[in-house]
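Written below as structure tokens is the structure these notes are about.
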Amino acid sequence: MHHGTEDVPLSAEAVQAVLRTRELGQPLYLLDETSSTNTVAITLAQEGAGHGTTVVAERQTAGRGRLGRMWFSPARVNLHCSVVWRHIPTPSRLPSWLSWAPLASAVAAAHAIQRVDTLPVGLKWPNDLLVGHRKLGGILCESGGSAHAGSGGGMFLIIGIGVNVNVPSEQFPEDLRSLATSLLAETGRRQDRARLLGALLEELERWHTTLFTDGHRDVALEYRTLCRTLGQRVRIALAGQGDVEGLAEAVDEDGALVVRPQTPGTSPSDGGSIRIRAGDIVHLRGPGSPSHT
Ligand code: BTN
């Protein structure tokens, strides 16, 4: 029996029934509880797990976000999924591929969500999934290598995705309530998580295959269309160098955010723009008013 706000558990049968991928989602590990699906996927990959291996958990006890943060992962309401990706480009294309892989994952996740419900999903650079000003999901990509011989050896990328699906907003911890949202909170409808997972794996396969075979051009085009950060005033925390505010002008060919520094109350600086390759930004609506993302 399933009470309250918990969903029916994800079952391998329900996922297989909707899965239309060539490789992703096979094999599929469905865990009731684990520390972090990314951590499990890294271990499996180091032990030789093949391309497409996917780990899903109903609940994470140590879900990991970007920049060392925690990821809120309550039981049976959301999606926590990590995929082992092993199609690795040649060394000359590797840096560009590594820069675009998280952004391609965000494009894929936005498409998957919009296939199961009609709501406007946008992206906050680099790879937050937004509805309005609130965060619906996030991506954590981690690369590694294993000395394992054979097809399971060599480099791998773990694509970790968390989407808040059927969690009611009052179940978010208080400090997240104004920052985070879920599909249920936005639409009032519960979603079939097996269907969303199927769509997510299909879209990941599609966008990552495009990135791997054709390079970043099509991914970049779609990323820039979905990216809400472009044209926004933003604040960036620079490691050890304080904050910078400015106008987000572009996402360049390396996937970096190009920002023209601007101090509140002054005219735009005539100095050059700065390129942000990693880190955290805040969308500002007016001088000094963060938009809670
Ligand atoms: C972020 O926005 O900070 C990234 C959040 C990534 C969360 C997902 S949930 C599945 C996978 N396993 C983890 O521990 N993290 C990612």
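No lab work stands behind these numbers, since they all come straight from the coordinates. From a predicted model like this one, the values you see are computed outputs, not experimental measurements.
Of the residues VAL83, VAL116, VAL165, the one that moves most in a GNM of the chain with alpha-carbon contacts below 10 Å is VAL116. Does the range 151-246 come out rounded, prolate or oblate, given a ≥ b ≥ c as the square roots of the eigenvalues of its C-alpha gyration tensor, rounded meaning a/c under 1.5 and, failing that, prolate meaning a/b above b/c? It comes out oblate by the Cα gyration axes. Among SER182, SER82, SER143, the largest mean-square fluctuation in a Gaussian network model of the chain, built with springs joining Cα atoms closer than 10 Å, belongs to SER143. For the chain, the square roots of the Cα gyration tensor eigenvalues, ordered a ≥ b ≥ c, give a/c of at least 1.5 with a/b no greater than b/c, which places it in the oblate category. Name the residue, out of LEU200, LEU183, LEU119, whose mean-square fluctuation peaks in a Gaussian network model built on the chain with Cα pairs under 10 Å. Looking only at LEU200, LEU183, LEU119, the biggest GNM fluctuation is shown by LEU119. The mean sequence distance of close C-alpha pairs (under 8 Å, at least 6 residues apart), as a share of the length of the chain, puts its relative contact order at 17 percent. Helical content alone sets the calculated 222 nm signal of the chain at -8500 deg cm²/dmol, taking -39,500 (n - 2.57) per DSSP H segment of four or more residues and averaging over every residue.
Taking amide H positions as modeled 1.01 Å from N, with prolines and chain starts lacking one, no residue 5 or more places away or on another chain lies under 5 Å from ILE281.
Using the Karplus relation 6.51 cos²θ - 1.76 cosθ + 1.60 with θ = phi - 60°, the per-residue 3J(HN,Hα) values for the range 27-35 come to x, 10, 9, 9, 10, 6, 8, 8, 5 Hz, with x marking Gly and Pro.
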